[in-house]
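Remarks on the structure that follows.
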């Protein structure tokens, strides 16, 4: 019995032809990138030449010099004797204070307003519609100036409004009770954050096992240990004190607690209410994009409307809501730069002061662009990851 050896087919040679569409596309991309690099290089060399002719120094060496500018509202320790680099870090933190807290509050408020627009209660739905139409049709700068002027018209510290114990509202801002945060408190908070991550991973594991054998498993005992018992043990081990300090009036101002300056409070209210009006419409349209048969089938099973909305409709609507919601998050982050109009010292305000003091215009503007580009790219990457995670996977 003879066996025949299979014949090897000759390999096809890769032919390079200018008529090939892929080759043509690659060549055009190389040409466009080359032109863009050449234009940027020419602009850069031209700017360096003009600056040297006018004897204007360039570079970022000024960041190591003493800033000499006062910054009133800051979470980081700062004094005018610190460097410009420290001042820029304070500005970045102040910008993040507006962006992160504003995104959370605008999402919650916009979601509630969007759901209220679909309410069967006529008065509630009309009030939500008025909220959306009024706030999204007035320019944000005008709303910002309105809230700032309103804050300035509040009574002085001695006649401050005192709605509840430990909370005061005056032309000095909003005073709230606070817990002093030190190294021990940070260790406890880090333990709680790690416990939350571990609980999330454990929940996925338990759900996978339940899908395999059909036996439900309780999660709350693990949550009790990871989120309460373990942080409490760390707090006891480090001897952490969780005393609450309340603001008290001394002279013409308040001492203790946490203070939200009028500039920050006005900016936060303006960007949150303005952005929430757009988010409300996104949520409303996302819910209406879900087929009405989902509601009919769930209600026919006797499920409550709140349960249907939370567990059936909203998870499906998220696939429509997330992409435009990302744009609103980016808009809120960039709109925070309007803080310069009311004197809140974010990265734009501090960069402008630095520009006036040092004359480093290109460097200051480049730092502003770099900061906002980094924050915006971070938001985009996270939202794109979440959008891909909740996307439907066809089988």
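We did not get these values from a lab; they are worked out from the coordinates using the rules stated. Computed from a predicted structure; not experimentally measured. In this analysis, Cβ positions are derived from the backbone assuming ideal geometry, glycine residues included, and neighbour counts consider all displayed protein chains.
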### Within a Gaussian network of the chain (alpha carbon springs, distance under 10 Å), most fluctuating of 106, 223, 160
223
### Query
Is it possible to state the helix-based mean residue ellipticity at 222 nm for the chain, with each DSSP H run of 4+ residues giving -39500 (n - 2.57), the sum divided by total residues, to the nearest 500 deg cm²/dmol? What is it?
-21000 deg cm²/dmol
### Query
With the chain treated as a Gaussian network of Cα nodes joined by springs under 10 Å, which of 213, 346, 73 yields the largest mean-square fluctuation?
213
### Query
What does the highest-first list of 362-375, 295-308 look like by mean Cβ count within 10 Å?
362-375, 295-308
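With contacts defined as alpha carbon pairs under 8 Å and 6 or more residues apart, what's the relative contact order of the chain in percent? Kindly include the intermediate steps, with their values, before the conclusion.
Working: 404 pairs, mean separation 83.8, N = 395.
Reported relative contact order: 21 percent.
Kirkwood hydrodynamic radius, computed over distinct alpha-carbon pairs, for the range 181-239: how many Å, to one decimal? Display every interim value, and only then the final one.
Numbers: mean 1/r = 0.0803 Å⁻¹.
12.5 Å is the Kirkwood radius here.
Using the Kirkwood radius over Cα pairs, work out the Stokes-Einstein diffusion coefficient for the range 116-262 at 20 °C and 1.002 mPa s, in µm²/s as a whole number.
105 µm²/s
From the gyration tensor of the Cα coordinates in the range 21-70, what semi-axes in whole Å does the equivalent ellipsoid have, largest first, with each one equal to sqrt(5λ)? Don't skip to the answer; put the middle values down first.
Values: eigenvalues 309, 48, 8 Å².
Each semi-axis is √(5λ); the values are 39, 15, 6 Å.
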### Protection proxy ranking of 89-96, 255-262 - average other beta-carbon atoms within 10 Å, highest first
89-96, 255-262
### Under the Debye formula (equal points on every Cα, no solvent term), log10 I(q)/I(0) of the range 246-320 at q = 0.13 Å⁻¹
-0.61
### Overall dimensions of the range 337-395 as given by Cα atoms, namely Rg and Dmax in Å
17.7, 62
### Query
Tell me, in nm to one decimal, what length is gained between residue 35 and residue 246 on full extension, where the rule is 0.36 nm per residue of separation less the Cα-Cα distance?
69.8 nm
## Note on the structure
For the range 61-160, the Cα-Cα pair-distance distribution in 10 Å bins from 0, as whole percents, is 12, 24, 28, 22, 10, 4, 0
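Compute the relative contact order of the range 296-395 as a whole-number percentage, counting only Cα pairs closer than 8 Å that sit 6 or more residues apart in sequence.
Value for the range 296-395: 31 percent.
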### Query
Which of 377, 267, 109 moves the most in a Gaussian network model of the chain with Cα springs under 10 Å?
377
### Query
Per the Kirkwood definition applied to all pairs of different Cα atoms, how many angstroms is the hydrodynamic radius of the chain?
26.7 Å
### Query
For the pair residue 365 and residue 187, how long in nm is the line joining their label points, each one 7 Å along Cα→Cβ?
4.9 nm
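For Cα pairs less than 8 Å apart in space and 6+ apart in sequence, what is the mean separation divided by the residue count of the range 124-202, i.e. the relative contact order in percent?
Numbers: 38 pairs, mean separation 11.6, N = 79.
Relative contact order, the range 124-202: 15 percent.
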### Kirkwood Rh, angstrom, the range 249-391 [1 / mean 1/r, Cα pairs]
18.8 Å
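Rounded to two decimals, what ratio of Rg to Rh does the range 73-112 give with C-alpha atoms and a Kirkwood Rh?
Values: Rg = 13.9 Å, Rh = 11.5 Å.
Using Cα coordinates only, the ratio equals 1.21.
Write down the Å³ per residue value for the convex hull defined by the alpha carbon atoms of the range 168-210. Write out the running numbers ahead of the final one.
Details: hull volume 4.7 nm³, N = 43.
Hull volume over Cα atoms, normalised by residue count, gives 109 Å³.
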### Summary
Listed with the fewest Cβ neighbours within 10 Å leading, 325, 211, 383 appear as 211, 383, 325
